[in-house]
Amino acid sequence: MSSIKVWDLPTRFFHCLLVLSFAGAFLTAESEHNRDLHVLFGYTVLGLIVFRLLWGFIGSRYARFSNFVCSPKGVVLYLCQLIKNQAAHSVGHNPAGGVVIVLLLLLGIASGLSGWAVYEDIGTDSFTEWHELISNAMLALVCIHITGVVVSSYLQGENLIAAMITGKKPGEANQAIANNASSLAWLVLVMVIGLWFWAWPDAKDLNWLLHTIVWWQ
């Protein structure tokens, strides 16, 4: 097998921006002084997830939900094979990773909507409790996701973190994606940065982001 392009640029941009946005939202959650910043991070998370849901149906081969969402039985079987070091190599997301991704998207939506309800003073204080509970559950799932990536990388001798950065994984030539969708990825990035420039004056400090990820193409 050779190194082939698996993850398109929109998927990689989404992954990076979601990590930054969720981390920013979590770190600003306890400070009333940073409330507006926290809300902006939350809206960014929601917007990115909406994009990912759409991309999960119309995106490239390995970005589509149909490629990595499988039955609970299939997930259990994969985990058993992974423990025995007998799991087959997955060009895209493996079955366990697929479950985590779906749960992260669902929790992200629930966290964002409950946070919006709190910000708009809709309902009772229970929304605040639910928002904190869901956000903490999402953080726990993120930790599980990171652990799973590290464990899978070790057991299968493959750097999954590097793969999400470069977009490349081992595979056959006919398994590579045909289109990197670079134009769409840059459009998404421009929209996110545009939102921050419009809503938050200090967003100009994010210029460094362009220099950090431009080589991904």
Residue ID - farthest from Phe41 (Cα to Cα), chosen from residues in segment 72-124 that are part of a loop (DSSP other than H, G, I, E, B) and either touching a Leu at 6+ places or on another chain (Cβ under 9 Å) or among the aliphatic types (A, V, I, L, M) (or both): Asn85
Test: residue in segment 183-203 that is modelled with pLDDT of 90 or more, more than 30 Å from Asp36 (Cβ to Cβ), more than 15 Å from the chain's Cα centre (by Cα) and of a type outside the set (Phe, Trp, Tyr): yes
Selected residue [assigned to a helix (DSSP H, G or I), surrounded by fewer than 17 Cβ atoms within 10 Å (Cβ to Cβ) and aromatic (Phe, Trp, Tyr)] from Phe26, Phe51, Phe57: Phe57
Any chance Gly42 is in contact with a helix residue (DSSP H, G or I) (Cβ under 9 Å, 6 or more places away or on another chain), within 27 Å of Ala178 (Cα to Cα) and modelled with pLDDT of 90 or more: no
Close pairs from segment 144-171: first within 23 Å of Cys80 (Cα to Cα) and touching a residue at least 60 places away in the same chain (Cβ under 8 Å), partner part of a strand (DSSP E or B) and aromatic (Phe, Trp, Tyr), Cβ under 9 Å, at least 6 apart: none
Residue ID - nearest to Trp55 (Cα to Cα), chosen from residues in segment 92-137 that are hydroxyl-bearing (Ser, Thr, Tyr) and over 20 Å from the mean Cα position of the chain (by Cα): Tyr119
Complete set of residues in segment 125-165 that are outside any helix (DSSP H, G or I) and at pLDDT below 85: Asp125, Gly157
Those residues of segment 167-200 which are outside any loop (DSSP other than H, G, I, E, B), surrounded by fewer than 16 Cβ atoms within 10 Å (Cβ to Cβ) and among the polar types (S, T, N, Q), in sequence order: Asn174, Ser182, Ser183
Residue within segment 2-15 that is in contact (Cβ under 8 Å) with a residue 12 or more places away in the chain, of a type in the set (Val, Ile, Thr), surrounded by 18 or more Cβ atoms within 10 Å (Cβ to Cβ) and more than 22 Å from Thr166 (Cβ to Cβ) present: no
First in segment 45-69 and under 14 Å from Ala181 (Cβ atoms), second anywhere and buried (at least 17 other Cβ atoms within 10 Å of the Cβ) and aromatic (Phe, Trp, Tyr), Cβ under 6 Å, 6 or more apart: Arg52/Phe14; Gly56/Phe65; Ala63/Trp55
Any hit, segment 85-97, residues being at pLDDT 95 or above and either within 27 Å of Asn136 (Cα to Cα) or in contact with a strand residue (DSSP E or B) (Cβ under 8 Å, 6 or more places away or on another chain) (or both): no
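The values are calculated or read from the model by the stated rules, or taken from the named source; none is laboratory data. Note that the structure is predicted; figures quoted are calculated from it, not measured. Cβ coordinates were reconstructed from backbone atoms using ideal geometry, including for glycine residues, and neighbour counts include every protein chain displayed.
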